[in-house]
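The values are calculated or read from the model by the stated rules, or taken from the named source; none is laboratory data. Please read all numbers here as calculations on a predicted model, not as lab measurements. Here the Cβ positions follow ideal geometry from the backbone for every residue, glycine too, while neighbour counts run over all protein chains shown. For the accessible areas, the whole protein counts, side chains as well, though only heavy atoms, and no ligand, DNA or RNA atoms are used. Shrake-Rupley method; radii C 1.70, N 1.55, O 1.52, S 1.80 Å.
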Amino acid sequence: MRLLIGMILFSNLVLGQSNVCLFTNKPGSEESKKLLIEKAKLFNINLIEVHNLEKLNEFEAVFFLDFDESKLSIKDNSALVSFFKNGGGALGAFDIQTKTTNRIWFEQMFGKLENPMPEKKDLDLIPVQDLNNMGLSPLWKTPSAEFVNLKVPKYLKAVLMNLEGRAVSWSGVSELSNKVYYTALKLNLSSIQNQDFFKSLVGGIKSVVSTKKDSNIEPVVFPEIKDFRVLKLAEGFQNARALEYFSPTYCIILTEKGELFNYNSLSKETSYLGLFESLSGALDITADPEFGINGYFYFYFDGDKSTVKRVKMLDAKKAELDDFILESSMPVKNTFISNVDSSNIGMAKYYQGKQFSVSKIGNIEVSTLNADQQVIDVEPFVVSFEAQSLKGIAQKENGEMLVMMKDSLNLIQYKFENGFPPFVNFTFKNLSLKPPYKVEFDTNIDEGYNFEWEISGKKLVGKKVIQVFKTAGDYPIKLRATNAKGQTDFILKTIKIEKAITLK
């Protein structure tokens with residue numbers, strides 16, 4: 001009978017356990033850490049020390065101990081941000097704050113705005129929380145241990161103070177909407193053995209794990225460089241300055257001297273639109289909301305009030321500058337794209353819902369946003385480019401990213417489970433000196449795809465096909481490539497058929 005009762009009690013303890021990740025990335029006191037882990041077990045808290053965060057989803061909270069935020073890897077930092085955004089609790093102690101933090105989310109939880117310390121005369125007016133009914137006394141004598149008066153976020157409330165009116169521990173909800181507990185008391189043998197303080201610590205742990213149990217936090221799969229490829233789409237321009245992608249037909253590129261180019265992703269061709277010297281120096285381009293009706297692109301110039309000029313697109317290969325000029329209070333922003341709709345993002349799942357931007361030093365940065373669309377973390381994109389050459393980025397309808405360098409336009413593709421999607425193009429050559437013209441077409445990608453051609457109303461298949469044209473002229477050619485996994489790409493462009501040139 002005693003054995004049965006013991007088994008039931010043990011079962012209840014195990015079922016009620018809270019698994020908390022004890023994250024350390026610098027040397028600390030092993031003796032104090034061992035005592036902390038042992039005493040926590042008495043309150044059914046399972047502290048598990050880890051040095052990386054590959055399986056963070058198995059925990060309900062992260063306890064930062066012997067920790068240096070500046071030493072976080074990009075991968076671990078990303079795992080933490082995702083964990084906290086999804087309700088994972090956070091605990092910090094004593095010296096986890098470096099003098100200058102590099103992470104926005106870290107400031108928002110463990111140090112951004114300083115709470116004013118109360119005067120002694122105000123002590124009886126301050127409500128001090130009793131966390132999880134741990135039976136705490138709001139005022140207690142500090143043990144002979146080191147503690148600091150740190151900067152803490154304004155939304156964290158003091159839950160434990162010493163007799164001098166200095167806050168020792170705080171608890172609350174961060175700007176990431178996860179629960180946070182922080183203590184300025186150094187966790188050494190003296191403080192851990194102090195009954196009042198340890199009860200406060202236990203109450204803090206139990207408070208921050210409460211929301212995680214209702215959340216499903218998936219493990220973060222951090223993308224690697226090998227999962228991406230960069231394809232060069234267009235060349236032939238120099239010193240590019242601004243980029244605007246509007247549709248598969250219109251991707252406008254402006255150079256320093258005012259030259260305009262349009263890359264058509266349907267035909268995979270770049271057209272020179274002309275030199276517009278008055279556009280030299282423009283920093284940004286936007287399409288008119290009614291572009292489909294009026295064909296206008298606007299060019300913004302820096303200044304207290306930005307000057308705006310306008311170009312009308314007559315078609316994908318022709319443009320003209322009109323006499324429209326005005327001043328706008330709209331600030332000239334740094335190029336950015338915001339991935340809000342995660343249903344059609346041609347990127348790794350990790351990047352869905354995040355914002356990409358070009359930094360002041362010329363790198364692609366990725367920002368994680370909170371529910372109010374405020375930036376809570378910034379990290380470098382896994383694919384990097386030469387900083388001085390990077391000029392702008394844009395996003396296609398399928399989520400793939402366009403990257404403009406000073407002398408080329410590039411496409412970043414992500415390799416999903418089915419591999420990289422095809423990127424099809426073709427070349428052709430006329431084999432005849434007089435009509436009818438026998439023309440050979442060939443694709444730019446290897447075998448292993450199904451190729452379907454539409455030429456002069458005829459459908460042909462194969463990597464290389466031959467078509468006969470009765471007369472010279474312009475002919476639309478459509479080619480579609482599909483791989484065994486159903487991924488597809490197509491190109492539609494008009495070619496000019498002329499008589500073949502005899503080589504001497």
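In the range 281-398, counting only strands (runs of 3 or more DSSP E) that sit wholly within it, the ones holding 2 or more residues that are modelled with pLDDT under 90 and of a type outside the set (D, E, K, R) span 296-301, 306-315, 318-328, 336-338, 355-358, 364-369, 375-380.
Take Phe426 and tell me if it is crowded, with 21+ Cβ neighbours inside 10 Å and not small (Gly, Ala, Ser). For Phe426, the condition - crowded, with 21+ Cβ neighbours inside 10 Å and not small (Gly, Ala, Ser) - is met.
Can you tell me which residue within the range 18-60, out of those that are assigned to a helix (DSSP H, G or I) and open to solvent by 40 Å² or more (accessible area, probe 1.4 Å), is farthest from Ile192 (Cα to Cα)?
Asn57
Just one of the listed residues (Phe420, Phe441, Phe451) is closer than 27 Å to Ala394 by Cβ and of a type outside the set (Ser, Thr, Tyr), and it is Phe420. Within the range 427-448, the set of residues being at pLDDT below 90, within 47 Å of the chain's Cα centre (by Cα) and not small (Gly, Ala, Ser) comprises Asn444, Ile445, Asp446, Glu447. For the range 420-504, the strands (runs of 3 or more DSSP E) that sit wholly inside it and include 1 or more residues that are in contact (Cβ under 8 Å) with a residue 60 or more places away in the chain, over 30 Å from Asn410 (Cβ atoms) and not aliphatic (A, V, I, L, M) are 426-430, 437-443.
Yes/no per residue for (1) touching a Leu at 6+ places or on another chain (Cβ under 8 Å); (2) open to solvent by 60 Å² or more (accessible area, probe 1.4 Å); (3) of a type in the set (Gly, Ala, Ser); (4) over 23 Å from Arg241 (Cα atoms):
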site	(1), (2), (3), (4)
Ser359	no, no, yes, no
Gln374	no, yes, no, yes
Val378	no, no, no, yes
Met404	yes, no, no, no
Asp407	no, yes, no, no
Pro435	no, yes, no, yes
Val439	yes, no, no, yes
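Here the range 349-375 is the region considered, the condition is being polar (S, T, N, Q) and touching a helix residue (DSSP H, G or I) at 6+ places or on another chain (Cβ under 6 Å), and the residue that is nearest to Val81 (Cα to Cα) is Thr368.
What is the residue count in the range 216-236 for residues that are in a strand (DSSP E or B) and either touching an Asp or Glu at 6+ places or on another chain (Cβ under 6 Å) or within 16 Å of Val383 (Cβ to Cβ) (or both)? So that I can check it myself, show each step before the final result.
From the range 216-236, those in a strand (DSSP E or B) are 228-234; that's our starting set.
Restricting the remaining residues to those that are either touching an Asp or Glu at 6+ places or on another chain (Cβ under 6 Å) or within 16 Å of Val383 (Cβ to Cβ) (or both) gives 228-233.
Result for the range 216-236: 6.
Note on the range 262-280: residues that are part of a strand (DSSP E or B) and over 29 Å from the mean Cα position of the chain (by Cα) total 7.
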